[in-house]
Amino acid sequence: MTEPLRIALAGLGTVGGGVIRVLDENGDLIARRAGRRIEIVAVSARDRFKDRGVDISRFDWIDDPAELARHPQADVVVELVGGSDGPALTLARSTLAAGKSFVTANKAMIAHHGLELAEAAEAAGVALKFEAAVAGGVPVIKGLREGAAANVIGRVYGILNGTCNFILSKMEAEGRDFADILGEAQRLGFAEADPSFDIDGVDAAHKLSILASLAFGAKPAFGDVAITGIRHVIAADIAEAAALGYRIRLLGVADANGHGMFQRVHPHLVPVSHPLAHVTGSTNAVVAEGNFVGRLLFQGAGAGDGPTASAVVADLIDIARGEFGPPYAMPAASLAAQPAADVGERRGRAYLRFTVPDRVGVLAEIAAAMRDSGVSIESLIQRGAHGDGSVLVAIVTHEGPERSVAHALEKLRGSQALAGEPMWMHILAD
Ligand SMILES: NC(=O)c1ccc[n+]([C@@H]2O[C@H](COP(=O)([O-])OP(=O)(O)OC[C@H]3O[C@@H](n4cnc5c(N)ncnc54)[C@H](OP(=O)(O)O)[C@@H]3O)[C@@H](O)[C@H]2O)c1
């Protein structure tokens, strides 16, 4: 066998520890598949003496992760520290500048700096790989970059955040409210102590922008992702959606035509007949629609030490085989700058929920705002008074321009007919 591929590993937490275990446990099989052994030679983290459940005394310990780029034995650096900037970005830049390949699970860094890093990797003739950055163990990047490479991808969308899906599917199963389930998810370790990146949709947006670039051959444009999280979804929305034949999922949705690229993370109503309606718990799932292959569904564990490490090591196996390939499936210079699509021009069906005072004339005012804005109502459900005397009105619209719905809600802003902020969710077009 040829020389081993030698790895310097920054970050020994959930994913870093997982990578060590995968290479320990499956090392022989991986060596047969890769054509050579993959060996860790050096590691770095904050605390040298923390018990990590794996023996790290066999590796060279380096205090400053940035130094790994210059480690004389290392061919490849694996970054599992996290953070869009800081030590992760310093390490990425210095590794590529040193002419070494770089593997990461860091979606925040790739969403913000992926293009710069891809250009640096291509200039140096080395690999930049980030399979684990989107949907953890699910090989969706490989799926798009390699398996679906012959297709024009019209749309890519999916459940990209396991914490949100865990919360929404538990709200659905138990009829409980968001805050209640979030607390439980934190106690069980399914949600971070500071869950805002997850529940406010930012984490899903990082992943969506990576998928959109790959799918559409477009320059990454994280700043163009319109983001709404799940904080304002209430148990009653889930019950009304169910009564209408839908389930609520936080989806990242992206499409592109010649005129622009659309990227949105938003809680959606998903028809129960759609496969994504049946993805529950912390599972991730991505759908890509290709003009020859049709609809592809990638599904599996979007996080966790084993699944995420599995994706990191898959990237290392590619590098061991000499399969570098451009990070975004085409040279960075070929990626097109796509303007953000005009959202108002988009057509779709909407779910609108209003909390209104229990008095005559309120429904008529809402209906008038819809009519005057050109929004056509397909169905309307009104539920009797809550303890506080308010009534819930849920509306599903016919397909129409989103601009009209925005206009209707603007007309109702500040109206005495509303007892709280309305909720607007998009309905996934099948
Ligand atoms: N966890 C998942 O399921 C998952 C899934 C997909 C992608 N990812 C991505 O994978 C990356 C790692 O996630 P993780 O969950 O493994 O994180 P983690 O458990 O918090 O581990 C982070 C590691 O980085 C080290 N570290 C942090 N700051 C450092 C610094 N300034 N200098 C040196 N080392 C530093 C920590 O050292 P100490 O251990 O000494 O504190 C720790 O070993 C992130 O980019 C994350 O988004 C994670």
| Here are some residues: 272, 202, 233, 265. Which one is over 20 Å from residue 136 (Cα atoms), surrounded by 15 or more Cβ atoms within 10 Å (Cβ to Cβ), of a type in the set (Val, Ile, Thr) and at pLDDT 95 or above? | 233
| query | Filter the stretch 59-83 for residues that are within 23 Å of the chain's Cα centre (by Cα) and near the ligand (Cβ under 9 Å from one of its atoms); which is surrounded by the fewest Cβ atoms within 10 Å (Cβ to Cβ)? | reply | 83
| field | Enumeration of residues in the stretch 49-58 that are near the ligand (Cβ under 10 Å from one of its atoms) and within 30 Å of the chain's Cα centre (by Cα) | value | 52
| Residue identified as among the polar types (S, T, N, Q), surrounded by fewer than 16 Cβ atoms within 10 Å (Cβ to Cβ) and modelled with pLDDT under 95 among 257, 291 | 257
| Which residue, of 100, 129, is modelled with pLDDT of 95 or more, buried (at least 19 other Cβ atoms within 10 Å of the Cβ), within 16 Å of the ligand (Cβ to nearest atom) and of a type in the set (Lys, Arg)? | 129
| remark: Pairs returned, first residue in the stretch 73-87 that is farther than 17 Å from residue 111 by Cβ, second residue that is polar (S, T, N, Q) and more than 8 Å from the ligand (Cβ to nearest atom), beta-carbon separation under 8 angstrom, 6 or more apart or interchain, are 75/101; 76/101; 77/95; 77/101
| task | Kindly provide the set of residues from the stretch 219-262 that are assigned to a strand (DSSP E or B) and more than 14 Å from the chain's Cα centre (by Cα), ordered by number. | result | 246, 247, 248, 255, 256, 257, 260, 261, 262
| Does the stretch 306-318 include one or more residues that are within 16 Å of the ligand (Cβ to nearest atom), outside any helix (DSSP H, G or I) and either touching a residue at least 12 places away in the same chain (Cβ under 8 Å) or under 23 Å from residue 136 (Cβ atoms) (or both)? | no
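The values are calculated or read from the model by the stated rules, or taken from the named source; none is laboratory data. None of the values given here were measured: they were computed from a predicted structure. In this analysis, Cβ positions are derived from the backbone assuming ideal geometry, glycine residues included, and neighbour counts consider all displayed protein chains.
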